[in-house]
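Accompanying notes for the structure given below.
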Amino acid sequence: MKTVIYNGILVTMNREMAVYQNGYVAVEDGTIAAAGPAEELEAKYGRNFQEDKSLGIHWRDAGGGIIMPGMVNTHCHMSMIPFRGLGDDCKDRLRVFLLPMEEKAMDRELAVLAGRYGICELLLAGVTTVMDMYYYAGDLAGVMDEMGIRGIEGETVMDQPTCDAKTPREAVAAAAEAMERYRGHDRVSVCLSPHGTTTCSKELLRLCYDMDRDFNLPFTLHTAEMDYEMAHLRETLGLGAVEYLDHIGVLGKNTLAAHAIQVSPREIRLLAERGASVAHCIGSNTKAAKGVAPVKEMTEAGVAVGLGTDGPASGNTLDLFTQMRFCANFHKNTLRDRGAFPAKDIVSLATIGGARALGLEMVTGSLETGKAADIVVVETDSANMFPVYDPYAALVYSAQAANVRDVYVAGKCLVEDKKLVKADLREARQALEEKMLETEFAGYFPGR
Ligand SMILES: [Zn+2]
């Protein structure tokens, strides 16, 4: 079945950054068969093409909205939904709330139910690809598969017992089985995601790096994010976090450094030379007062940078519209330059930049013939979306996740008219809430 989405401002994010004020995308067998100006449709099917039912084409009117590539969230912990809003302003939130609650309450069932809810949130916000990292990676990959999203689930490993493994070896073994199970899957894969540069031994980091590289999947970990991390590496080895990764031989084209806030100019050159990428989590970083990563210098050096929300405990939302806005505001402000980070570049980070950072630039991130049909329609009927002079500016400065109308992943419509097609948000929420009430989270629900 062929679907043609027409009557929208087409933002392709292709190499030429082509935009068509009245454009269309044709989808066939999950792939983009064509994308271009409406005149092409008229030339092929006649002036009243959308009325022609004889062709077996499903015509979908974008209603004058913006047709853009599905967005790519390069760093997420979607199963941490239950932690959203817990200890937001607490100085040592990690040790006071996150770690103890994870130990007491997190299990396979909670991770899966929260993951399912998280995917509902991602899809409704126009995120079609997610790089997630958490425990129970094999199970969460199953949820991604069932929900229809494109994703990579990273099994978090570290040198201490976690909620799903007593030892890192146990976590690696479980992940290895899941990596094999998803090998060759067209949308979902599993990789190993060590927690961070100082929470894993160099042997563990090397083991994960080698396995991820063999599967040609991202090797992603929290890097150059925490003050204690920087102090430890500086005091023990005299190195920055990126220098350390290079020093132990795990900085390569599969490496995706999450955060990369405290990096020196020399480390930016290293990232570029090794072909490593960065997941930029501006909302999470600035909320935690960790600083603003030098993204301008990174992109100028040729480092692939994508946007990430981080987990809902850190950034509170899984949508990239919020990140795009933060990105503009914080970078302009830090650089004291209103002209820095123009909207077009920010939409690029949220789409093709993210795809590049995940090694998926041949699959998704732009609307081009032959790529997977990962497409979002952003409506422009709402009060905040008029007028639209420049679609990039409208997407970055005006739009919100609530403006996402339709979402397609690999040609399958997963959100239609702002409603999930395959899943039910209310049901996902109810199941998650019931499970949370059986755990320590119950104590945090007011009035219960
Ligand atoms: Zn994180």
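Values computed for the structure shown
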| quantity | calculated |
| --- | --- |
| Förster radius 35 Å - calculated FRET efficiency between HIS232 and GLU440, Cβ distance, rounded to 0.05 | 0.70 |
| Portion, in percent, of the accessible area of the chain that falls on carbon or sulfur, probe 1.4 Å | 49 |
| Accessible area (Å², per residue) of the stretch 71-357, counting only protein heavy atoms and a probe of 1.4 Å | 36 |
| Ordering of 314-324, 349-359 by packing [mean C-beta count within 10 Å, highest first] | 349-359, 314-324 |
| Eligible aspartates and glutamates near LYS344 by straight Cα distance, threshold 14 Å, same-chain separation 8 or greater | GLU16, ASP390 |
| The stretch 78-99 versus the stretch 319-385: alpha-carbon centroid distance in Å | 27 |
| Mean residue ellipticity (222 nm) of the chain, computed from DSSP H runs ≥ 4 via -39,500 (n - 2.57), nearest 500 | -9500 deg cm²/dmol |
| Label-point separation in nm, SER54 to GLU39, each point 7 Å along Cα→Cβ | 2.7 |
| Estimated distance in nm for a label pair at ASP210 and ALA289, the labels positioned 7 Å out from Cα along Cα-to-Cβ | 4.3 |
| Alpha-carbon spread of the chain, three principal axes, descending order, Å | 70, 49, 43 |
| Extension reserve of the GLU273-HIS247 stretch, reckoned as 0.36 nm per residue once the Cα distance is removed | 8.0 nm |
| Sites excluded, GluC sites (Glu not before Pro) in DSSP loops with at most 14 other C-beta within 10 Å, longest stretch of the chain | 17-437 |
| Per-pair calculated FRET efficiency, R0 = 45 Å: LYS2 and SER382 via Cβ, rounded to 0.05 | 0.95 |
| Violating pairs (Cα-Cα greater than 26 angstrom) within the set LYS2/LYS44; LYS44/LYS418; LYS296/LYS412 | LYS44/LYS418; LYS296/LYS412 |
| Under 19 Å from the ASP88 label point (7 Å along Cα→beta-carbon), backbone N, the stretch 395-424 | 400-402 |
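The values are calculated or read from the model by the stated rules, or taken from the named source; none is laboratory data. From a predicted model like this one, the values you see are computed outputs, not experimental measurements. Cβ: placed from backbone, ideal geometry, glycine included. Neighbour counts: every protein chain shown. Only protein heavy atoms, including side chains, enter the accessible area calculation; ligands, DNA and RNA are left aside. Shrake-Rupley method; radii C 1.70, N 1.55, O 1.52, S 1.80 Å.
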